[in-house]
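The values are calculated or read from the model by the stated rules, or taken from the named source; none is laboratory data. Just so you know, these numbers come straight off a predicted model, no measurement behind them. Reconstructed Cβ throughout: ideal geometry from the backbone, glycine too, with neighbour counts over all protein chains shown. Calculation scope for accessible area: heavy atoms of the full protein, side chains included, ligands and nucleic acids excluded. Shrake-Rupley method; radii C 1.70, N 1.55, O 1.52, S 1.80 Å.
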Amino acid sequence: MGYAVVGQRVPRVDAREKVSGRALFTGDMTLPHMLVGKVLRSPYAHAQIVRIDTTKARSLPGVKAVLTFEDVPKIPWNSAGFPPSPGAILMEDQYILTDKVRYVGDGLAAVAAVDEETANRALELIEVEYEVLPALMDMEAAMAEDAPLIHAAPQNVMAHMPIVIGDVDQGFADADIVFEDTYYVPKVYQVSMEPCGVAMAAPDMDGRVTIWTSTQMPHLVRGITAHALGLSTSQVRIIKPPVGGAFGSRLGVVNEPIAALLAIKAGKPVMLKYSREESFLATESRHPIKMILKTGIKKDGTFTARQMTAYIDGGAYATHTPSFAGPVAGWFLAMYKSPNIKVDNYSVYTNSTQCGAFRGYGNPQVVFAVESQVDDIAAALGLDPLEIRLKNHPCAGEVWMWSSWVIESCGLDEGIKRASEAIGWGEKRNKQERLEYAQGNGITADSTKKRGVGMAYMMHVSGARPMLHETSAAVVKINEDGKANLIYSNSDCGQGAGTALTQVAAEELGLNYEDVFITKTADTDVAGFDIGSHASRQAYSGGNAVKKAAAAAKEKLLAMASEILEVPAADLEVAEGMIRVRQEPEREISVAEVSHKAHFGSHGHQIIGAVSEEPPGNPPVYAAQFVEVEVDTETGVIEVLKVVAAHDVGTAINPAVVEGQIEGAIQQGIGYALTEEYRYHPGTGKPLNANFTDYKILTAVDMPEVETILVEASSESGPFGAKSVGESGLVATAAAIANAVYDAVGIRIKELPLTPEKVLAALEQKGN
Amino acid sequence: MQNFNYLEPGSLWEAVGILEGLEGKAFPLAGGTDLVRTFKRIGFREHGVINLKKIPELSGVKFDGQVMSIGALSTVSELLANSEVDEHFPVLAQAARALGTPQIRNLATIGGNLCTSSPASDLAPALLAYQAKIIITGPNGEREVAVNEFFKGPGQNVLDRGEILTRIDLNLPVPGTIGAFLKHGVRKSHEIALVNTAVLIIPVRGSDKIAVARIALGAVGPTPFRAWQAEEQLAGAEGGLPQFEEAAKIAQELASPIDDVRASADYRKHMAGVLVKRALFQAWGGKV
Ligand SMILES: Cc1cc2nc3c(=O)[nH]c(=O)nc-3n(C[C@H](O)[C@H](O)[C@H](O)COP(=O)(O)OP(=O)(O)OC[C@H]3O[C@@H](n4cnc5c(N)ncnc54)[C@H](O)[C@@H]3O)c2cc1C
């Protein structure tokens, strides 16, 4: 490809400050006279507040503001970070504080006080009388005829999304075999290192409020927060310092409106920092989904009909859920070709904490179901699991059902080939060879440990077009020393987007990477409107704007150089900060000299390139993950021995960042497969594991060997051919593990996580 | 940060005096890894801490060739760094290695581990297998309690008003003693045991027979306990998988675990058997 900066493993722009501990996160900040905010949370899963008395709390010395439903603007809103777009179904069912609690942890009052202890005491002094209602902790209970209503939606169904392509009944009639299976995936949390829900708000004398917040979406959070507060968008200023991981949890408003309202009422800055427990209790998780898949297929492996009925547990407030049902359908539709496809998605309210975005946005859920079933289909028909996938997935040049646009590039086939070789698929799937190998290595046939290999495929997006807008804005200004600032609403939350965008700018400008400085902190008063970090869009969408802004600056730079060197601009090139005549490289001038002349020559001006636009497309990315597991048939423990992950990411702008994204995501994917599940008491709705002791994310010691293979099927429309990688690393992992378990011991578990107890139960059932 | 009362006695007697006077209002502080969590639950404001770390008698590990005396304040990391522990009490070293995370091991003390009296303590089964003696100092002077009499229930032990655990004494096992510690959890690290077990076997010299076996289990009853009946089954028996399976079955029946978010009682009970069998087999020299 021959790029100078793109494709290089340059150190991340935020590496030094983070590894040295110097980075200042929102929670590290302080302002003079800053107060501490705290939220009073419901102990009940479902209850009407009959009486609330804050008199004692208000009269406690040191308490500067006490808020309840009485004090919040009566403006319903929706926390999901969506731009108004065709695919955004934004049911407004929230208030800043509620008068009816809908889950354990629902916020019903907030205080600001001089210190944490006073704030906590003030919470204790608030008297609340509840009329407790039945807790609807699962979708069956919520959808029952006589179930009490959580909101106004009949039978607690907030939305139904039907999609029909062709005629599935005909398709099932045409099939040789029809498979029908039900899958269930649980509620899991993003658990970023920095707890979710950290905001510091400061009102000013002019009716504006500034909020420092750990967010993925500075501009959209500005708009939603302003709306909830009854302010105009520009009256809110969002500053996003470094963020300690997000994975979707900060994809929208978290607690910014509470912090802002407390600050406005108190007339002082307020820090509102959720604890780890609160970040479990009161912030958005991945959606639990029950998926019923019905698939008709010919003996040769051609799909005649594919159908999914999905019940999506959205929790207590709508937020993302009705819109989220769209991508859930999209993932299903786009994975395999079939003339007849039908999807019915029901979004359901329950008395659990509301669900939102988590890396993959519905895709890991759907891929677990689809790829588990495809594996069973291959086994039942005696088809090669690789062949059935290669035969049926849509390829480059075909229409991609997710967007209805043509697929620009697809590296899946190459990925499947390379990853299957790397895991040793041929030998390991062959049971006879395997047995001989085991015996040769002293593993006896009656050993309780059985090995198996499995795989799953996935495709993902590089943005959310055409469902959602994907606006990005970038300004590149070249300083008088020839170095450049990149002004961008940098919503990097640890994934490395700021680094990749800096590389894009440097590459396009012809500057060294070290000489381009991105705004590390996003500030909505400074940077142009940007959607933020969602849908793996930063490299593709942000990269598009950054590249064009850099190109615009470069054009002006070369125009000036052309005057100085007296050659047409078209004959000039820039590299490493030097502008040269292409045919006569000895005729050169530095970018610094040209820029200096621009600033202080006859027409003083700074060379600036500015762009705000949506990217041209949404090229899909692909992955094939292969896993080897060892199942202990006596303990039920599944040990993942190795993961080979082949990912088509388009051009890898920074391969080290890309590999980091994939490996980190695989850690979450294995957790999703084996250990993670947020649980409630079925009767009371009290969370059972809102802590790191009992919510089991994997540690470094639990990680298997991970081999990443980058397949760079460059896109046509992306900056330097880039597509995406942010989310895709975990999408196929759980399905691949489930399929490897099937290969090892012949059990099919259709409900995540694959706990030892489920393994033992399935083994027992199989034995009988 | 929250305010609380803090006391820092310089001697054991001073600590005992303070503790006796403030019973229920102030708690001894060792590594704090459990106490801070307790305070988060019961509230800092109303309670105080009595920092034990300035009391010289409570620190240090001494070995005179026959008895190892472990000061209550010895941290799990100190046990791991001590080559005599590793050499003479390897099952305790294995248990220490399985406890928590590096950060926790650097703070957590052996005294705190016992006084917390969690049924899932990782050190307790090893100390039960080594038949440790617990030395306690209180208003009435010093007394000694066998470790199998120390625990009284989840979070409960024999410590009376004003008493402090000062040290733990271990007798050197007879030469040729073998053993193993196994812990079962969802993760490989940073895990509270669903079941743990420590076993020691004293083989009959020059034969395949077992003279004495000791089997201790944790997390499957209100306290960590010795599986006496299983031990008796093995005394005088041949060593080997069938015998170990038999003993494991008996041990499993002695387990009375609870159902909770971590695992079902049935699974814990099943795993108690599997773990005891595997620990015995591993100690005997087999692989698992
Ligand atoms: C993240 C995490 C992981 C953990 N993992 C494990 C694990 O894997 N296995 C395990 O067994 N434990 C584990 N623990 C529990 C804990 O770390 C251990 O029990 C530890 O040994 C407690 O020691 P400490 O010095 O920190 O006790 P402290 O918290 O200081 O004290 C604990 C209790 O004992 C009392 N106390 C302390 N010393 C004395 C004394 N000398 N005399 C009288 N009373 C005393 C205190 O008042 C307090 O009530 C974990 C804890 C955490 C936070």
Just wondering, is there one or more residues in segment A:730-747 that are open to solvent by 20 Å² or more (accessible area, probe 1.4 Å), closer than 22 Å to A:P364 by Cα, part of a helix (DSSP H, G or I) and within 14 Å of chain B (Cβ to nearest Cβ)? no
Taking only segment B:203-217 into account, find how many residues are open to solvent by 30 Å² or more (accessible area, probe 1.4 Å) and either within 14 Å of another protein chain (Cβ to nearest Cβ) or in a strand (DSSP E or B) (or both). 5
Matching residues, segment B:192-202, being within 14 Å of chain A (Cβ to nearest Cβ) and surrounded by 24 or more Cβ atoms within 10 Å (Cβ to Cβ): B:A193, B:L194, B:V195, B:N196, B:T197
Just a yes or no: is a residue in segment B:225-243 within 14 Å of another protein chain (Cβ to nearest Cβ), more than 16 Å from the ligand (Cβ to nearest atom) and open to solvent by 20 Å² or more (accessible area, probe 1.4 Å)? yes
State whether the residues of segment A:378-388 include one that is within 25 Å of the chain's Cα centre (by Cα) and within 27 Å of A:A722 (Cα to Cα). no
What are the residues in segment A:88-118 that are of a type in the set (A, V, I, L, M) and closer than 18 Å to A:P43 by Cβ, if any? A:L97, A:V101, A:V104, A:L108, A:A109, A:A110, A:V111
By residue number, the members of segment B:123-133 that are part of a loop (DSSP other than H, G, I, E, B) and either surrounded by fewer than 21 Cβ atoms within 10 Å (Cβ to Cβ) or near the ligand (Cβ under 6 Å from one of its atoms) (or both) are B:Q131
Counting just the residues of segment B:162-185 that are surrounded by fewer than 21 Cβ atoms within 10 Å (Cβ to Cβ) and either within 19 Å of B:K62 (Cβ to Cβ) or more than 16 Å from the ligand (Cβ to nearest atom) (or both), which one comes out nearest to the other protein chains (Cβ to nearest Cβ)? B:I178
Within segment B:92-108, residues being buried (at least 24 other Cβ atoms within 10 Å of the Cβ), within 10 Å of the ligand (Cβ to nearest atom) and not in a loop (DSSP other than H, G, I, E, B) number 2
Here are some residues: B:F89, B:F4. Which one is in contact with a helix residue (DSSP H, G or I) (Cβ under 8 Å, 6 or more places away or on another chain), in contact (Cβ under 8 Å) with a residue 40 or more places away in the chain and away from the ligand (no atom under 15 Å from the Cβ)? B:F89
In this structure, does B:S189 turn out to be within 12 Å of chain A (Cβ to nearest Cβ) and closer than 30 Å to A:Y678 by Cβ? yes
Can you tell me which residue is nearest to the ligand (Cβ to nearest atom) among those in segment B:134-150 that are assigned to a strand (DSSP E or B) and out of contact with any helix residue (DSSP H, G or I) (no Cβ under 7 Å at 6 or more places or on another chain)? B:I136
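Residue-by-condition table, conditions (1) surrounded by 21 or more Cβ atoms within 10 Å (Cβ to Cβ); (2) touching a Lys or Arg at 6+ places or on another chain (Cβ under 9 Å); (3) at pLDDT 95 or above:
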position: A:T633; (1), (2), (3): no, yes, yes
position: A:V644; (1), (2), (3): yes, yes, yes
position: A:D648; (1), (2), (3): yes, yes, yes
position: A:I666; (1), (2), (3): yes, no, yes
position: A:I670; (1), (2), (3): yes, no, yes
position: A:G685; (1), (2), (3): yes, no, yes
position: A:N689; (1), (2), (3): no, yes, yes
position: A:S714; (1), (2), (3): no, yes, yes
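Okay, residues lined up against (1) away from chain B (no Cβ under 14 Å); (2) closer than 30 Å to A:A47 by Cα:
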site: A:V649; (1), (2): yes, no
site: A:R679; (1), (2): no, yes
site: A:N691; (1), (2): no, yes
site: A:L698; (1), (2): no, no
Of the listed residues (B:L159, B:L182, B:L165), the one being in the same structural domain as B:E87 (by TED's automatic domain parsing) and in a strand (DSSP E or B) is B:L165
Could you say whether any residue in segment A:348-364 is over 30 Å from A:D206 (Cα atoms), part of a helix (DSSP H, G or I) and either over 21 Å from the mean Cα position of the chain (by Cα) or not hydroxyl-bearing (S, T, Y) (or both)? yes
Inside segment B:259-287, the number of residues satisfying the requirement of being closer than 22 Å to A:K758 by Cα, facing chain A (nearest Cβ under 10 Å) and outside any helix (DSSP H, G or I) is 5
May I ask you to say which residue of A:N618, A:N691 is of a type in the set (S, T, N, Q) and closer than 23 Å to A:R389 by Cβ? A:N618
Identify all residues within segment A:410-423 that are open to solvent by 10 Å² or more (accessible area, probe 1.4 Å) and touching a residue at least 24 places away in the same chain (Cβ under 8 Å); write none if there are none. A:C410, A:E414, A:R418, A:S420, A:A422
Residue that is least open to solvent (accessible area, probe 1.4 Å), among those in segment A:154-175 that are part of a helix (DSSP H, G or I) and among the charged types (D, E, K, R): A:D174
Can you tell me how many residues in segment A:691-710 are more than 22 Å from the chain's Cα centre (by Cα) and buried (at least 21 other Cβ atoms within 10 Å of the Cβ)? 1
Matching residues in segment A:486-503 - criterion: being buried (at least 24 other Cβ atoms within 10 Å of the Cβ) and more than 19 Å from A:A665 (Cβ to Cβ): A:L486, A:Y488, A:S489, A:N490, A:L501, A:T502, A:Q503
Restricting attention to segment A:700-721, report how many residues are within 10 Å of chain B (Cβ to nearest Cβ) and outside any loop (DSSP other than H, G, I, E, B). 3
Looking only at segment B:60-72, and only at residues there that are buried (at least 17 other Cβ atoms within 10 Å of the Cβ) and within 16 Å of the ligand (Cβ to nearest atom), the one that is farthest from the other protein chains (Cβ to nearest Cβ): B:S69
Restricted to segment B:109-122, and to residues that are within 11 Å of B:K183 (Cα to Cα) and within 6 Å of the ligand (Cβ to nearest atom), which residue is surrounded by the most Cβ atoms within 10 Å (Cβ to Cβ)? B:D122
Within segment B:9-32, restricting attention to residues that are open to solvent by 40 Å² or more (accessible area, probe 1.4 Å) and within 11 Å of the ligand (Cβ to nearest atom), which residue is farthest from the other protein chains (Cβ to nearest Cβ)? B:P28
So A:R58, is it of a type in the set (D, E, K, R), surrounded by 14 or more Cβ atoms within 10 Å (Cβ to Cβ) and over 24 Å from A:A316 (Cα atoms): yes
Expected single match for under 27 Å from B:R187 (Cα atoms), assigned to a helix (DSSP H, G or I), within 14 Å of chain A (Cβ to nearest Cβ) and more than 8 Å from the ligand (Cβ to nearest atom) among B:R41, B:R37 is B:R41
